[in-house]
Amino acid sequence: MASSIDASPHSQPQSPASPQPSPSPLIHPYDHSKIASDCQVILHPPSPPSPDSQKPPVQFNSQSPQSLYHPLPSPTQQQNTLSSYHEQEIQRQQEESSKWHYWHTLPSPYVRKPSFGLNHIELLDTLGTGTFGRVYLARLKDSQKYYAMKVLKKQEVVRLKQVEHINSEKQILAFVKFPFIVNLYCTFQDDRNLFMMLEYVVGGELFSHLRRAGRFTTDIARFYASEILLAVEYLHSKDIIYRDLKPENLLLDHKGHIKITDFGFAKTVVDRTWTLCGTPEYLAPEIIQSKGHGKAVDWWAMGILIFEMLAGYPPFYDNNSFGIYEKILAGRVMFPAHFDPYAKDLLKRLLVGDRSRRLGNLKGGAEDVKRHKWFRDVDWFGLLEKKVQAPIIPPYRHPGDTSNFEKYPNAIDVDHSRIPTGDPYASLFPDF
């Protein structure tokens, strides 16, 4: 087991006039290397915010007034969001389709054997680049159907020891179906590459919108945190931990709703796993300490994400990764003056070093998080059905518009006319 991760920090906010370029939407934008059971993320050093805008360090305290929680309907009136969705679905599905549990029973859109091949696909633009592949905007020839086609070089995947992560990503995306998770439509391979045809999400990364804004208002941050919370709750109900929650991996659809992408670090875990991976600023203490981790790491990352949306930068930063780890383990946060009391209390409860006391990882699970007063007045069912107006509507001219993504040189290195040679890696990717 690796005892350390050599990783640089998460990129910091720039002024709205010069936003930080966005990483790839579907390929992890940073270099992956592996140490034993470790997967690393190489990131950019931060530009720490001015200390003038921050309060003195505040020690986390797990105790806060019970009044910070608002009551939910009792179980006899309404079950938790997941199970109640199933009951309402039975009634509504006879008329149309149903609510929450409907998303637990829907088959994935994934089709293992596509009815088309590379010769049926036109590659239009590069959406992102990564260590061992690219993401292209693709269109089926003679149609107006657009996809994000993720192309991974087998040789590089094997060299960087990422076979398990790539297979896991495919298996999980083929299994899940949820409004706030990107859809996988099909996968295939040739002798050189792995191909994943994914839903194209036209609105770009939340990262880009956050950097342009500098920071989000409470209402905007709460809206996106609520949609992400529902997605995390869904994944955890399937015993899937995501492990890479951050603005770069959150896309906005054409109506401004969240789509979580990049499941390269996601894993099905019933109890604990000891693989070290993630982004330094978002790592939970138990990951850094190699204690074994489970679903609680996603609730820690949720706290980091909410802080970053509200402040414009993450709560733990340093010029090097080890400095970040020291601050995470120390558990001290400097709250900006504009944070309201409910936001502070929520973050104190999410960013608890002891996972047995971390909000979201307690007996009530995600319902405990929803009941916190920072989420008061959230219409959870309305969010799930996308009936709540999103606060950011990305501009776009047509379904294949790429203006919300960073521009990349168009180096198309996929040749459908090439005669295949021997494939020494075919047995490593049996599900593609």
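My understanding is that a pair violates if its Cα-Cα distance is over 24 Å; which of Lys246/Lys267; Lys291/Lys348; Lys177/Lys267; Lys327/Lys363; Lys145/Lys386; Lys153/Lys267 do that in this structure?
Over 24 Å Cα-Cα: Lys327/Lys363.
Backbone phi angles across segment 296-309, fed through the Karplus curve with coefficients 6.51, -1.76 and 1.60 (θ = phi - 60°), yield HN-Hα couplings of 4, 5, 6, 6, 4, 4, 4, x, 4, 5, 4, 4, 5, 5 Hz in residue order; Gly and Pro are listed as x.
Using DSSP to call loops (not H, G, I, E or B), can you name the trypsin sites (Lys or Arg not before Pro) in segment 192-251 whose Cβ has at most 16 other Cβ atoms within 10 angstrom?
Values: sites: Arg192, Arg211, Arg212, Arg215, Arg222, Lys238, Arg243; in loops: Arg192, Arg215, Lys238, Arg243.
Passing both the DSSP loop test and the Cβ count: Lys238.
Across segment 348-353, computed HN-Hα scalar couplings (Karplus, 6.51 cos²θ - 1.76 cosθ + 1.60, θ = phi - 60°) run 4, 7, 7, 8, 9, x Hz from first to last residue, x flagging Gly and Pro.
Amide H contacts for Gly128 (H built 1.01 Å from N in the peptide plane; partners 5 or more residues away or on another chain; cut-off under 5 Å): Val135. As a length-normalised measure over Cα pairs under 8 Å and 6 or more apart, the relative contact order of segment 285-432 settles at 17 percent. Phi angles of segment 262-273 translate, via the Karplus equation with coefficients 6.51, -1.76, 1.60 and θ = phi - 60°, into HN-Hα couplings of 6, 9, x, 9, 5, 7, 7, 9, 7, 10, 9, 9 Hz per residue; Gly and Pro are given as x. The residues Trp300, Trp274, when put in order of fewest to most other Cβ atoms within 10 Å, stand as Trp274, Trp300.
Compute the signed sum of charges (Lys and Arg +1, Asp and Glu -1) over the other residues within less than 15 Å, Cβ to Cβ, of Asp239. Let's see the in-between values first.
Values: positive: Lys238, Arg243, Lys267, Arg272, Lys295; negative: Glu233, Asp271, Asp298.
Taking every other residue near Asp239 into account, the sum is +2.
Quick check: the distance between the Cα centres of segment 372-386 and segment 288-316, to the nearest angstrom? When both Cα centres are located, 21 Å separates them.
Other residues within the sphere of radius under 12 Å centred on the Cβ of Gly365, judged by their own Cβ, net out at +1 (K and R +1, D and E -1). Using the Cβ atoms and a cut-off under 13 Å, what net charge is assigned to the surroundings of Asp253, where Lys and Arg are +1 and Asp and Glu are -1? Summing Lys/Arg as +1 and Asp/Glu as -1 gives -1.
Any read-out appearing in this document is the output of simple, stated calculations on the displayed coordinates, not a laboratory observation. Because the structure is predicted, anything quoted here is derived from the model rather than measured. Methodologically, a virtual Cβ is constructed for each residue, glycine included, from the backbone with ideal geometry; neighbour enumeration extends over all protein chains shown.
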